[in-house]
Amino acid sequence: MTGRKKRISVLGSTGSIGRQALDIVAAHPERLQVVGLAAGRNWEALLEQCRRFRPEVAAVATTADAARLKAELGRKTEVVWGKEGLKAVAAWPAADTALVAVSGTVGLEPVLAAVAAGKDIALANKETLVAGGSLVTEAVRLAGVRLLPVDSEHSAIWQCLEGRRRDDIARVILTASGGPFRTLPQKELARVRAAQALRHPTWRMGPKITVDSATLMNKGLEVIEAHWLFEMGYDAIEVVVHPQSIVHGLVALADGTLIACLSATDMRLPIQHALSHPERWHAPVPAVDLASLQELTFEMPDRERFPSLDLAYAAGRTGGTAPAVLNAANEEAVQAFLHDVLDLPGIPKVVASVLDEHDVVAQPDLEAVLAADAWARRRAAEIIKEVVKS
Ligand code: NDP
Ligand code: MG
């Protein structure tokens with residue numbers, strides 16, 4: 001290793017991806033350094049992280065928690081809060097890369113702030129690209145920074161695409177585990193509870209993405225994410241269910257050859273790859289042992305039992321503010337499901353109703369994206385109330 005350490009700020013450091021990102025920093029102290037950390041409400045976990053990683057700046061969601069954190073940390077770390085705090089950590093002068101792992105569209109403005117400040121973005125927060133894909137990719141292009149995927153499927157596809165000529169690429173293929181209800185009959189889907197949906201067969205993740213995995217909306221969001229990351233049309237993005245989660249993504253070449261990327265089912269690998277690229281470092285993760293794999297299976301997703309996938313394709317093809325509306329309505333419906341207010345099949349129903357009512361803005365600026373997001377949340381909340389009453 002030559003040169004200085006890569007300095008990173010981690011947004012969402014107390015979450016599933018954030019904690020794993022800090023594991024990677026701890027595994028490579030000679031290569032990586034944390035200069036900023038941002039969390040939401042879990043200020044106590046953030047305090048521990050600050051003591052361990054000694055960032056220059058730390059952000060929490062509320063001013064009350066900021067005061068608590070400040071009282072513990074003293075002058076060693078600057079403490080900021082709220083939306084402006086998140087943006088400040090993202091764009092922190094000492095940072096080279098902002099690793100954005102907050103959950104939901106709250107990540108959009110910090111990403112834009114980091115890009116404007118010339119930071120590379122290691123992006124876990126897919127909702128940001130879904131809601132603001134054209135804004136983010138245009139800003140990235142203008143600033144000449146790098147947008148590095150952390151989502152495992154996109155990291156895999158990125159690795160399969162590397163060094164290839166654009167004309168040689170026919171399609172990209174995202175794998176999906178199928179979630180905990182892959183084989184559950186339609187009529188039983190209405191009876192599943194949040195606790196069951198949160199038991200994912202192959203990945204341990206935050207609650208929102210885990211529910212999205214159970215409805216296949218996660219894969220739908222990833223299709224839109226792939227569209228922006230790889231500049232692929234929707235006809236050239238496919239989804240295949242692969243319950244073992246060992247093949248993370250594939251690229252189909254013009255001659256029909258498939259290039260696949262296999263690795264352990266461990267998010268620390270794609271996180272590390274985004275931070276080490278173009279280098280490869282030893283990873284604190286066991287390599288795939290081919291002989292011990294019983295089988296690798298592939299099947300088509302069931303689009304009838306899991307209509308969220310096609311809702312996402314449709315919103316992606318419509319473009320403009322449609323994906324922002326899809327995403328925001330889904331975020332609200334997922335929260336309602338987690339609070340036992342809505343059943344699982346209710347999630348795509350709410351999303352479809354909100355999308356149906358939406359007047360799409362074809363080429364939205366940030367204000368239009370945020371307005372569409374806010375409108376979709378309000379409308380979803382109203383529809384959820386009506387559904388619950390009936
Ligand atoms: P978690 O729910 O585990 O963590 C979310 C993080 O975001 C927490 O640190 C939380 O802080 C913080 N946060 C939430 N809301 C706010 C807010 N308003 N202001 C500041 N911080 C906030 O989520 P995951 O780590 O599972 O997922 C993060 C993102 O990465 C999502 O977009 C997800 O789709 C994506 N992703 C996750 C994968 C995974 O394996 N987990 C895989 C691929 C993508 P606090 O807890 O302190 O409130
Ligand atoms: Mg993924």
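Worth a mention:
- DSSP bridge pairs, the stretch 113-255: antiparallel proportion in percent, nearest 5: 40 percent
- Sulfur and carbon atoms: percent of accessible area, the stretch 109-177 [1.4 Å]: 46 percent
- Ranked by the mean number of other Cβ atoms within 10 Å of their residues, highest first, the peptides 304-314, 132-142, 327-337 come out as 327-337, 304-314, 132-142.
- Phi-derived couplings, Karplus 6.51 cos²θ - 1.76 cosθ + 1.60 at θ = phi - 60°, listed residue by residue for the stretch 177-190: 5, x, x, x, 10, 3, 10, 6, x, 3, 5, 8, 4, 6 Hz, with x used for Gly and Pro.
- The charge dipole of the chain, taken about its Cα centre with unit charges on the Cβ atoms of Lys, Arg (+1), Asp and Glu (-1) only, comes to about 1220 debye.
- Counting DSSP beta bridges with both ends in the chain, the antiparallel % (nearest 5): 30 percent
- Length available on full extension from A170 to R280: 0.36 nm per residue minus the Cα-Cα distance, which gives 36.9 nm.
- Sequence-distant residues sharing a close amide H with K6 (under 5 Å, placed H): L32, Q33
- Nearest-0.05 FRET efficiency for D23 and L253, computed from C-beta distance (R0 35 Å): 0.50
- Options T215, Q159, C50, ranked by Cα towards positive dipole end of the chain, top entry (Cβ charges): C50
- To the nearest 10, the accessible area of K83 is 110 Å² with a 1.4 Å probe.
- Accessible area per residue, Å², the chain with all protein chains present, probe 1.4 Å: 43 Å²
- The length gained on full extension between A371 and K385, counted as 0.36 nm times the residue separation minus their Cα-Cα distance, comes to 2.9 nm.
- Subset of K119/K349; K187/K208; K76/K126; K187/K389; K70/K208; K5/K76 violating a 27 Å alpha-carbon distance limit: K119/K349; K76/K126; K70/K208
- The separation of the stretch 199-264 from the stretch 295-311, counted between C-alpha centres, amounts to 11 Å.
- Length-normalised contact order for the chain - Cα pairs under 8 Å, 6+ apart - percent: 14 percent
- Share of carbon and sulfur in the accessible heavy-atom surface of the stretch 292-390 [1.4 Å probe, %]: 51 percent
- Projected label distance in nm at S134 and Q186, using a 7 Å step from Cα toward the beta-carbon: 3.6 nm
- Note, ³J(HN,Hα) from phi for the stretch 345-362, Karplus 6.51, -1.76, 1.60, rounded to Hz, x at Gly and Pro: x, x, 4, x, 5, 4, 4, 5, 5, 5, 4, 4, 7, 7, 8, 5, 9, 5
The values are calculated or read from the model by the stated rules, or taken from the named source; none is laboratory data. Only a predicted model underlies this, so the values are computations on that prediction, with no experimental measurement involved. Ideal geometry is used to build each Cβ from the backbone, glycine not excepted, and the neighbour counts take in all protein chains shown. Quick note on the areas: whole protein, heavy atoms, side chains included, nothing else; ligands and nucleic acids left out. Shrake-Rupley method; radii C 1.70, N 1.55, O 1.52, S 1.80 Å.
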